[in-house]
Amino acid sequence: MRYLLAIIAAAALEAQPPAFPPEDTEGLKASPNPQIRHAWKRKVFWKISYNNFAAPRPIPAMTVAERTQATNTLNSLTALLKATNTGSNGEGFWVNDSRTLGYQDPTQAPVNAPLRYQSGLFPFYHEDVFIQGSWRLSQAGETESVYYYFNRHPEALSQPTIAEEGRTTFYLKPQITGSLSGLNLYEGQVLIAARPGRDLWKPIPLGRALKAVLPKHEQEKLTAETRLASLKKTNDEIQSPEYEKKFRENFEKNYGNLKTTRPSGYETRLKSMERELAYNRTQAAASASPQPDSKGLWYWNPINAYNEAINRLSTLTPAQAALPACLIPFKTPQEREGRYNTLGTISTIGEATQCQDIVSTNWDYFDPKLPRSAPQLLSVHDFGRCAKLQASQIVSSPVTRFAVPAQGCPIHAQMWRELDWSQITALLQR
């Protein structure tokens with residue numbers, strides 16, 4: 001009983017932050033491991049580290065002036081976060097600012113796309129480790145990071161690919177799931193500050209979408225026809241005299257001795273074998289001739305979809321071909337049957353309800369007249385990892401356990417609540 005009460009008392013203490021006397025300015029508390037302690041009252045500090053990469057061909061290397069502008073932009077970003085009460089007066093944690101001055105992916109972005117650079121913020125609780133007779137203060141461990149990217153296009157986010165056109169990918173347009181001081185949250189995950197009047201995604205005309213998705217229809221049709229050919233071959237084998245001969249021979253091998261030892265048992269098993277033979281032949285014949293019903297959807301869905309796609313492409317007028325395309329997703333398992341490569345029916349916006357825009361990455365969002373290092377887009381890619389937006393308010397899980405000081409997501413979320421997000425948008429060059 002005493003042991004149980006001790007466990008309950010310990011759990012209750014862990015559910016609230018520890019108290020320290022005034023003279024304990026760092027709030028030192030030992031962990032169960034005597035060589036590790038935590039400093040609950042030690043003030044926050046920020047540490048910067050850089051990761052540099054060579055320019056991938058054919059992108060020109062970053063100049064000194066470009067490096068300076070990118071660095072100054074990251075300095076301005078972190079200065080805003082440091083200026084929050086948590087970022088400047090916080091206790092129990094420190095922040096590693098891991099920076100990368102880099103480049104776009106040349107297989108995706110145009111050569112003239114702006115430079116891409118970022119700060120990954122890692123709030124670590126103050127953890128000291130006793131090594132070789134002395135305490136090493138505020139050692140890094142594991143925490144939840146958040147990355148702030150400049151000039152990284154969000155592209156498809158979590159939306160599925162609809163089709164490809166050479167190196168261009170068509171996908172469903174990411175959905176806005178919240179807003180915060182003029183910034184949009186997409187798919188509950190990525191918070192984006194963008195330049196006004198410029199679209200991150202561009203619509204795909206119906207003609208291009210139908211043409212691009214046609215190879216997927218062809219693959220589905222081929223899969224269905226290949227499967228049907230295999231079923232027809234199997235049916236031919238099962239209907240053949242050779243199949244029946246082997247079937248009967250196998251039966252005699254296993255049960256032929258019953259003719260003399262138990263004739264009635266033999267006759268019973270013989271009738272069962274003949275029923276099985278007839279059933280096998282009936283089933284094989286049905287499988288080799290799929291009907292346009294629920295059992296034959298694996299074949300008729302892709303065949304009909306392919307024929308409809310060919311017919312629609314051949315009858316499309318120039319005006320219709322230019323309309324923005326959208327996708328009506330499959331809603332039932334029956335609609336999806338046999339459709340292993342496509343995700344729904346391509347239509348046009350306004351023609352059907354619940355139709356999601358088909359788009360591609362709009363690299364023209366970036367103004368090539370601006371310097372390559374100019375900040376034109378800022379995205380917080382891990383926002384949804386640590387917080388949600390409800391009625392434009394930042395909501396995050398409260399800290400409920402206090403075995404160690406808070407780090408990671410609780411620190412990010414609290415700084416975000418204290419941050420003036422309009423100043424974040426002001427970092428972008430107009």
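The values are calculated or read from the model by the stated rules, or taken from the named source; none is laboratory data. Quick caveat, the model's predicted, so the values are computed rather than measured. For neighbour counting, all protein chains shown are included, and Cβ atoms are generated from backbone atoms with ideal geometry for every residue, glycine included. Each accessible area value is taken on the protein alone, full model and side chains, heavy atoms only, with ligands, DNA and RNA left out. Shrake-Rupley method; radii C 1.70, N 1.55, O 1.52, S 1.80 Å.
Points worth noting:
- Those residues of the range 309-325 which are under 14 Å from residue 213 (Cβ atoms) and out of contact with any Pro (no Cβ under 9 Å at 6 or more places or on another chain), in sequence order: 309, 310, 312, 313, 316
- Residue in the range 84-91 that is closer than 20 Å to residue 382 by Cα and open to solvent by 10 Å² or more (accessible area, probe 1.4 Å) present: yes
- Hey, residue 403 closer than 20 Å to residue 142 by Cβ and either modelled with pLDDT under 95 or open to solvent by 20 Å² or more (accessible area, probe 1.4 Å) (or both) or not: yes
- Residue pairs meeting the criteria (Cβ under 7 Å; at least 6 apart or on separate chains; first over 15 Å from residue 423 (Cα atoms) and modelled with pLDDT of 95 or more, in the range 180-207; second open to solvent by 20 Å² or more (accessible area, probe 1.4 Å) and of a type in the set (Asp, Glu)): 203/357
- Restricting attention to the range 21-57 and to residues that are at pLDDT 95 or above and of a type in the set (Phe, Trp, Tyr), the residue that is nearest to residue 111 (Cα to Cα) turns out to be 46.
- Residue that is most open to solvent (accessible area, probe 1.4 Å) [pool: residues in the range 121-139 that are out of contact with any helix residue (DSSP H, G or I) (no Cβ under 8 Å at 6 or more places or on another chain) and of a type in the set (A, V, I, L, M)]: 137
- Residue count, the range 97-148 (criterion: of a type in the set (Phe, Trp, Tyr), assigned to a strand (DSSP E or B) and over 17 Å from residue 407 (Cβ atoms)): 4
- Considering (1) under 25 Å from the mean Cα position of the chain (by Cα); (2) in contact (Cβ under 8 Å) with a residue 60 or more places away in the chain; (3) crowded, with 17+ Cβ neighbours inside 10 Å, the lone condition that residue 387 does not fulfil carries the number (2).
- Residue selected from the range 280-319 under the condition surrounded by fewer than 15 Cβ atoms within 10 Å (Cβ to Cβ), in a helix (DSSP H, G or I) and of a type in the set (S, T, N, Q), by the criterion farthest from the chain's Cα centre (by Cα): 282
- Positions within the range 46-96 being outside any helix (DSSP H, G or I) and more than 29 Å from residue 408 (Cα to Cα), in sequence order: 54, 55, 56, 57, 58, 59, 60, 61, 62, 63
- Reported count of residues in the range 210-235, each being without any contact (Cβ under 8 Å) to a residue 40 or more places away in the chain and more than 15 Å from residue 304 (Cα to Cα), is 4.
- From the options 39, 55, 30, residue that is open to solvent by less than 80 Å² (accessible area, probe 1.4 Å), at negative phi and free of Cβ contacts under 8 Å to residues at least 12 places away in the same chain: 30
- Number of the exception - residue 190 against (1) under 30 Å from residue 213 (Cα atoms); (2) surrounded by fewer than 18 Cβ atoms within 10 Å (Cβ to Cβ): (2)
- Residue 426 satisfies every condition listed in (1) surrounded by 14 or more Cβ atoms within 10 Å (Cβ to Cβ); (2) modelled with pLDDT of 95 or more except (1).
- Looking only at the range 103-120, residues that are under 22 Å from residue 169 (Cβ atoms) and either open to solvent by 30 Å² or more (accessible area, probe 1.4 Å) or touching a strand residue (DSSP E or B) at 6+ places or on another chain (Cβ under 9 Å) (or both) come to 12 in all.
- If you go through the range 299-321 and keep only what is hydrophobic (A, V, I, L, M, F, W, C) and over 18 Å from residue 162 (Cα atoms), you end up with 300, 303, 316, 319.
- Among residues of the range 150-164, those that are in contact (Cβ under 8 Å) with a residue 60 or more places away in the chain and either open to solvent by 30 Å² or more (accessible area, probe 1.4 Å) or charged (D, E, K, R) (or both), counted: 3
- Among the residues of the range 320-354, just one is farther than 18 Å from residue 171 by Cα, in contact with a helix residue (DSSP H, G or I) (Cβ under 7 Å, 6 or more places away or on another chain), open to solvent by 60 Å² or more (accessible area, probe 1.4 Å) and in a loop (DSSP other than H, G, I, E, B), namely 337.
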